[in-house]
Structures are given as structure tokens and as C-alpha cells.
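Following: one structure in C-alpha cells, then a few remarks.
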Amino acid sequence: MSTPNPWTVVPAADYEAHMGPAGADQLAPLSQLFQEVYLAAQPDRILVVGCATGNGIEHVDPSITKRVVAVDVNLQYLGIARQRFFHLGPTLELYCSDVDKFRQPPASFDLIHAALVLEYLQPDAAVRRFAEWLAPGGSCSVVVQLPGGSAPAPANRAMQIISKAMHLVDPAELVKLFEAQGMAKRREKTVALRHGKSFWAGVFGK
């Protein structure tokens, strides 16, 4: 029997408080990373894996992107994302699903973005799915947390559960997984954060 995804039990208010300026202060850097890859890709179709309450989707230009698919395991997060980005109308498709159960036809997306989700998945299985869903010439962007630093301790039990469930992903191993699926690394960067923490961001393509 598979272990339930811990993110299903974290209320949106707790998530945003922990990730916001008074907590780990990671929402703004994550939004900026999404904006960078989005502007570089100019995608017609995009998949956001682990979209949470929609951080970053504000950068989507509906005159460029005709289909935005956002997936998360927490239904409350998706409800908030729908309210925040109601102006996108049917362009924004929201799905409550685990990655391993989510289904889309092959080559469905020009950009796939997955930030801080591989730490809670089986990375090899997730990368295989990304490779299947990515169209030729497309880009897959991932963000993972690097070791080190000391962010504020989770202020509630839900976020404590998340902290215990997280397993850091080695970027070097991640590069190997993508290369095994025929996706070469196009670029990478390390982003310094508050509290001594940092992200690794990599973009891969077919």
C-alpha cells in the first residue's frame, strides 16, 4: 500500500504562512524562477506540477499560452488558485491528483515546471512521466532544495509532518535521470535564500 501524500493534510493558510516572508520566505524566489523559465520558453501549453495555491501562475500571459494545466494533491489549494486566476477562464485546467495517477497524452506540453515536489516523490518515476508528457523541443524545469541552512521551525503540526516527509534530491543524480530519458541539461543555477538555505534550479529539454 502506498503512503498517502502528506501535502493533502496541510491547510492553505499554514502552507502560505510557512512559505511566506514571516516563515521560510520562499514564495517570492519560487515565483521569480517560474517567471524566468516561462519567459524563456514562451510556451503554448504548460504543466505546473505541485501548483499549490498558484504561486507563479500570475506570470502566465494568455495571449501566449493557450493551455495551463496545474496539478496538486490538495483540493483546497486548487480552489484558491481558481479564485486567484479566475480571469484565465478555461485556459486554466486544475486537477487534484498524485503525479503517478495523473494522465495526459504523450507530448502534451511545451513547458513542464515542478518546484519543490521531487522531494516528496519517487524522482525516477516522475522524470519518466515528464519525459512522456514533454513535446519535442520543449523544456522541463525543476527546482529542488539543497542541504544546509536553518529555516524557522514549522509552527504547526501539519508542516512538521511535511518536514519529516521531505527527502532531498541530489542535483547530480537528477541530471542523470533526465539524461537517461533523453533530456539534456540546458542550464542550471543555484539561488541563495534567507536563513542560509538555497535552491538548485535546472532546465532540461528534448
Dividing the mean separation of Cα pairs under 8 Å (6+ apart) by the residue count of the chain yields a relative contact order in percent of 21 percent
With the 8 Å Cα cutoff and a minimum separation of six or more residues, the stretch 1-62 has a relative contact order in percent of 28 percent
Close lysine pairs (the chain; alpha-carbon distance under 23 Å; 8 or more apart or on separate chains) counted at 8
A student asked for the Cα radius of gyration and Dmax of the chain in angstrom ought to give 15.9, 44
In the stretch 81-185, the trypsin sites (Lys or Arg not before Pro) that sit in a DSSP loop and have at most 11 other Cβ atoms within 10 Å of their own Cβ are Arg103
Comparing Ala107, Ala172, Ala28 in a Gaussian network model of the chain (Cα, 10 Å), the one with the largest mean-square fluctuation is Ala172
One finds, for Ala125 and Ala22 with R0 = 25 angstrom and r their Cβ-Cβ distance, a FRET efficiency to the nearest 0.05 of 0.10
Two pseudo-spin positions, 7 Å from Cα along C-beta at Ser198 and at Ala13, lie apart in nanometres by 3.7 nm
The answer for the net charge of residues other than Ser150 whose Cβ lies under 11 angstrom from its Cβ, with Lys and Arg +1 and Asp and Glu -1, is +2
Rounded to 0.05, the calculated FRET efficiency for the beta carbons of Ala40 and Lys66 at R₀ = 22 Å is 0.75
Output row, site Ala107, 7 Å Cα→C-beta label point, backbone N cut-off 18 Å, window the stretch 30-66, residues 43-47
The stretch 25-111: relative contact order from alpha carbon pairs under 8 Å, six or more residues apart, as a whole percent, is 33 percent
Highest GNM mean-square fluctuation among Pro106, Pro171, Pro123, for the chain with Cα springs under 10 Å, belongs to Pro106
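Throughout, read-outs are computed from the coordinates displayed, never taken from laboratory work. Everything quoted here is computed from the prediction, not taken from an experiment. In this analysis, Cβ positions are derived from the backbone assuming ideal geometry, glycine residues included, and neighbour counts consider all displayed protein chains.
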